[in-house]
Amino acid sequence: MRRINVRHITQTVRNLFIEANTCLGADVVAALQASLKKEESALGRQVLEKIITNAEIAAQSKMPICQDTGLAVLFVEIGQDVHIVGGDLRAAIEEGVRQAYADGFLRKSVCDPLTRKNTGDNTPAIIHIDIVEGDRLKIIAMPKGGGSENVSAAKMLTPAVGIDGIKKFVLETVDRAGANPCPPIMVGIGIGGSLEQACILAKKSLLRPVGEINNKDERLAQVEKELFDSINKLGIGPAGLGGRVTALAVNVEMMPCHIASLPVAVNIQCHVARHKELTI
Ligand code: SF4
């Protein structure tokens with residue numbers, strides 16, 4: 001049994017959220033740079049250049065990449081041979097979020113849904129915990145902006161609509177989103193499970209490095225490729241100003257579901273695709 005003190009967890013969560021908010025992943029920057037060659041619209045290329053420059057300035061000056069520093073979403077994998085000592089795991093994570101948003105001068109974006117009163121410290125966080133084999137603790141910090149989350153969608157489809165119905169739902173969701181999620185976007189798709197599990201699959205699929213479009217399941221790899229092409233033919237383009245580059249990636253995750261159901265979730269991620277992780 002390996003002991004991990006909650007102080008270590010709080011410090012890790014703090015550092016990950018500050019880093020995620022200021023330093024865009026190299027895979028995302030590379031995808032943006034590659035998309036410059038694909039974009040036919042001069043205005044679209046200008047937007048992509050500004051996005052890349054903005055990311056460079058943020059990383060150099062340790063300033064947030066975007067003013068929306070996000071809802072604090074975490075995926076935590078805890079080995080069954082880990083013993084958390086010194087306090088409560090969830091409380092330690094919440095404290096890490098609190099410290100990150102205070103110390104990193106990140107905008108606090110969480111409020112009561114009805115009164116709209118800000119909670120003041122960007123908590124509560126959305127924490128997904130999985131118990132896995134081993135004696136390690138993996139923490140993934142994913143600040144999620146409101147603009148892209150707002151245009152995400154989930155639906156219980158009729159099983160008879162099949163893969164064509166799924167593709168139609170995804171395309172309609174992206175088309176309706178238009179400029180709102182600050183394209184170019186990443187499109188995460190969860191198929192199967194239950195309603196809530198499809199949503200988690202969709203969000204988790206966004207953690208895949210951008211550019212790795214080859215799903216291990218050949219059927220899903222084909223769906224990803226077809227949707228990637230169809231979405232980029234919608235003409236939404238960078239910042240929604242028209243162009244070829246609407247999506248940088250389309251990722252699908254799937255699991256079995258009830259015989260009467262076909263849950264599908266589409267989680268849209270803006271070009272500020274932020275996530276950082278550490279295994280303790
Ligand atoms: S959708 Fe993304 S880029 Fe647009 S405001 Fe929100 S966090 Fe920023």
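The values are calculated or read from the model by the stated rules, or taken from the named source; none is laboratory data. These numbers were taken from a predicted model, which means no experiment stands behind them. All Cβ positions, even for glycine, are placed from backbone atoms using ideal geometry, and neighbour counts span all protein chains on display.
Would you check which residues across the range 104-127 are assigned to a loop (DSSP other than H, G, I, E, B), in contact with a Lys or Arg (Cβ under 8 Å, 6 or more places away or on another chain) and without any contact (Cβ under 8 Å) to a residue 40 or more places away in the chain and list them?
Scanning the range 104-127 gives THR119, GLY120, ASP121.
Of everything in the range 14-33, what is touching a strand residue (DSSP E or B) at 6+ places or on another chain (Cβ under 6 Å) and over 30 Å from ARG45 (Cα atoms)? Give them in sequence order. First the steps, then the outcome.
The initial filter retains those residues of the range 14-33 that are touching a strand residue (DSSP E or B) at 6+ places or on another chain (Cβ under 6 Å), namely 16-17, 19-21, 31.
Of everything in the range 14-33, just one residue is touching a strand residue (DSSP E or B) at 6+ places or on another chain (Cβ under 6 Å) and over 30 Å from ARG45 (Cα atoms), namely LEU16.
If you take the residues of the range 128-152 that are assigned to a loop (DSSP other than H, G, I, E, B) and surrounded by 17 or more Cβ atoms within 10 Å (Cβ to Cβ), which of them is nearest to the ligand (Cβ to nearest atom)?
GLY145
Exactly one of (1) touching a residue at least 60 places away in the same chain (Cβ under 8 Å); (2) away from the ligand (no atom under 16 Å from the Cβ) is unmet by VAL73. Its number?
Among (1) touching a residue at least 60 places away in the same chain (Cβ under 8 Å); (2) away from the ligand (no atom under 16 Å from the Cβ), VAL73 violates only (2).
Can you run down the residue pairs with Cβ atoms below 6 Å, 6 or more apart or on separate chains, where the first is in the range 253-280 and under 14 Å from GLY188 (Cβ atoms) and among the small types (Gly, Ala, Ser) and the partner is more than 16 Å from the ligand (Cβ to nearest atom) and in a strand (DSSP E or B)?
ALA265/ALA154; ALA265/GLY190
Having 2 or more residues that are in contact with a Lys or Arg (Cβ under 9 Å, 6 or more places away or on another chain) and within 16 Å of the ligand (Cβ to nearest atom) is the bar; report the strands (runs of 3 or more DSSP E) wholly within the range 186-280 that clear it.
So the answer is 262-269.
Of the conditions (1) surrounded by 12 or more Cβ atoms within 10 Å (Cβ to Cβ); (2) not in a helix (DSSP H, G or I), TYR101 fails just one. Which one is it?
Against the list (1) surrounded by 12 or more Cβ atoms within 10 Å (Cβ to Cβ); (2) not in a helix (DSSP H, G or I), TYR101 comes up short only on (2).
Can you tell me which residue within the range 52-70, out of those that are more than 19 Å from the chain's Cα centre (by Cα) and in a loop (DSSP other than H, G, I, E, B), is farthest from the ligand (Cβ to nearest atom)?
So the residue we want is LYS62.
ALA141: over 22 Å from the mean Cα position of the chain (by Cα) and within 27 Å of GLY25 (Cα to Cα), yes or no? It would help to see each step written out before you state the result.
Details: over 22 Å from the mean Cα position of the chain (by Cα): no; within 27 Å of GLY25 (Cα to Cα): yes.
It is false that ALA141 is over 22 Å from the mean Cα position of the chain (by Cα) and within 27 Å of GLY25 (Cα to Cα).
Determine whether the range 78-88 contains at least one residue that is of a type in the set (S, T, N, Q), within 19 Å of the chain's Cα centre (by Cα), modelled with pLDDT of 95 or more and in a loop (DSSP other than H, G, I, E, B).
No, the range 78-88 contains no residue that is of a type in the set (S, T, N, Q), within 19 Å of the chain's Cα centre (by Cα), modelled with pLDDT of 95 or more and in a loop (DSSP other than H, G, I, E, B).
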